[in-house]
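Note sheet for the following structure.
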Amino acid sequence: MRMLKKILLLSFIMIFAGSVQTLFSQTLKSQDVSKELDYIAGLVKKGASDGDMELIVKSYRTMSNLEIAVDGLQSKKDSALFFLAMGYNFVNICPTAIVLQLSETTNPTGFNFDCIERTKYYFDKAIKIASSENVFTPADRADIYFIVGIGYDRLKFNLANISKINSDKSYEKALNYLGKAAELGAGFEGIKTIMKRAEDDAYYKKPLIDDQQYNALNRMLYIDRALPQPEHEPAATKEDDTADSTPPIAAPSTKDENLYIDYQWRFMVKKPDDTWSFESRKAQATMRLTIQKKDTSSVAGSGLNIICRTLTDAEAKSNIEQLTSKSIDLLKAAGYDIKSQKMISFNGMQAQEIISTHQYQNLIQKAPLSQEKKDAEPPQNIISKQYMIIAVANNIQYIVSFNSLDSEYARIFPEYKMIANSVSFF
């Protein structure tokens, strides 16, 4: 009987594990993974620059959890590119993580991992996919070898002052993969120049491509989901084709001045155009972003406000209705009259939509009124109308709202609602 129970339990675990993997592959699409990797890149950048081991560990664990989803993507090209991006994350983490792990002060939990091994692990996964899937052309494989070679070259540079042995090994791997890329024929300009640099001893102590190009190449992997493309420029002359010329490998531009992305609070929003501005205020557990017109003379309404607040442990156990009831109680206490309250789907999740009004007595008058006029004319009131969406994700409560005079509400609603609809959580 005990043996039967063990067999049944083992079968259940295997079925459950298979279901989880199937669920990941079905629910997470390439664009979802792209957003998650963008978030991880933000953790890596901040963790490495601030020397924050907690953020580095969080990025490590998030990538580990994401691995099943990346393996299960229908597009094998996307899988390979995402694994390359994850390898680049560990290249960027490596120097800081190695130093932080050595100290109990900077690494109080004692969590340790080998960033060099992790870099190799994800690069090897990308190479294996490119070698086994028929969707990759020889030029595609050459590009992947090139990206891996540049990754190892940057790892060489990052480790130069920490571990000469590992720096030398990374340099050897960089030369090996760049040589394979040149042999197969990488599909973009600049490979010859980079190979010349790789043969120059001066480049042992500095990276083969500069930070701007490296970051563009890195971002291209998970945002553009594309391999480097030819520039289609005239071939370089003998004078231009030198080790000091800059190879054109920059990724397509993805910069959007009207898009606001916050990696800490895990949301993005887009303003209509450059006549609007973003203004943010941050504290340890809260954040407020206001999107409003730059020209104050044309301002109508409050601007769109996004308030983010980290939930307490107790609040994290509450559902959206319970959290919303607290917000409504606060509105009522402030004199707001709730006109409408309903559950809606917002950004793919359940949220509460609340419309309320507030009445203010008009205390500003052009001239003192006589007693007769005071008796004849009751004091005028000002009514404001507020639109609010309350959602919860990432252990954060998000409040998206705007308000205006009741008389202007119908006019400003379409534009403000359009901005609200552009809010996306990741």
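Cβ-Cβ contacts under 7 Å between residues 6 or more apart (or on different chains), taken from a first residue in segment 59-76 that is within 17 Å of ARG225 (Cβ to Cβ) to a second residue that is surrounded by fewer than 16 Cβ atoms within 10 Å (Cβ to Cβ) and not polar (S, T, N, Q), are listed as LYS76/GLU133; LYS76/VAL135.
Across segment 160-179, a minimum of one residue is classified as of a type in the set (A, V, I, L, M), assigned to a helix (DSSP H, G or I), at pLDDT 85 or above and buried (at least 20 other Cβ atoms within 10 Å of the Cβ).
Would you mind stating whether GLY335 is in contact with a strand residue (DSSP E or B) (Cβ under 7 Å, 6 or more places away or on another chain), free of Cβ contacts under 8 Å to residues at least 40 places away in the same chain and open to solvent by less than 60 Å² (accessible area, probe 1.4 Å)? Yes.
Determine whether segment 257-279 contains at least one residue that is small (Gly, Ala, Ser), out of contact with any Asp or Glu (no Cβ under 6 Å at 6 or more places or on another chain) and either modelled with pLDDT of 80 or more or farther than 30 Å from MET220 by Cα (or both). Yes, segment 257-279 has at least one match.
Screening the candidates ALA142, ALA126 for the property of being under 25 Å from the mean Cα position of the chain (by Cα), of a type in the set (Gly, Ala, Ser) and open to solvent by less than 40 Å² (accessible area, probe 1.4 Å) yields one hit, ALA126. Of all the residues in segment 43-68, those that are more than 18 Å from VAL33 (Cα to Cα), in a helix (DSSP H, G or I) and of a type outside the set (D, E, K, R) number 7. Picking from residues in segment 302-332 that are touching a helix residue (DSSP H, G or I) at 6+ places or on another chain (Cβ under 7 Å) and more than 17 Å from VAL423 (Cβ to Cβ), the one that is surrounded by the most Cβ atoms within 10 Å (Cβ to Cβ) is LEU323. A single entry from MET220, MET195 fulfils the requirement of being assigned to a helix (DSSP H, G or I) and closer than 21 Å to ASN89 by Cα: MET220. Within segment 316-346, the set of residues being farther than 18 Å from GLN359 by Cβ, at pLDDT 85 or above and among the charged types (D, E, K, R) comprises LYS342 only.
Only residues that are in contact (Cβ under 8 Å) with a residue 12 or more places away in the chain and not in a helix (DSSP H, G or I) were counted across segment 122-137, and they come to 3. With respect to the conditions (1) within 22 Å of GLU67 (Cα to Cα); (2) among the polar types (S, T, N, Q); (3) not in a helix (DSSP H, G or I), ASN107 falls short on a single one, namely (1).
The set of residues in segment 333-364 being touching a helix residue (DSSP H, G or I) at 6+ places or on another chain (Cβ under 9 Å), among the small types (Gly, Ala, Ser) and farther than 19 Å from SER424 by Cβ consists of SER356 alone.
Quick check on this structure: which one of PHE113, PHE82, PHE90 is in contact with a helix residue (DSSP H, G or I) (Cβ under 7 Å, 6 or more places away or on another chain) and surrounded by fewer than 22 Cβ atoms within 10 Å (Cβ to Cβ)? Within the list PHE113, PHE82, PHE90, the selection yields PHE113.
Every residue, every condition in (1) modelled with pLDDT under 85; (2) closer than 14 Å to TYR409 by Cβ, yes or no:
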position	(1), (2)
ALA351	no, no
ILE355	no, yes
LEU363	yes, no
LYS374	yes, no
PRO378	yes, no
ASN381	yes, no
ALA391	no, no
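For segment 95-104, a residue qualifies if it is farther than 17 Å from PHE157 by Cα and part of a helix (DSSP H, G or I), and exactly one does: LEU100.
The values are calculated or read from the model by the stated rules, or taken from the named source; none is laboratory data. None of these values were measured; they are calculated from a predicted model. We place every Cβ from the backbone using ideal geometry, glycine too, and count neighbours over all the protein chains shown. For accessibility, only protein heavy atoms count, side chains too; no ligands or nucleic acids. Shrake-Rupley method; radii C 1.70, N 1.55, O 1.52, S 1.80 Å.
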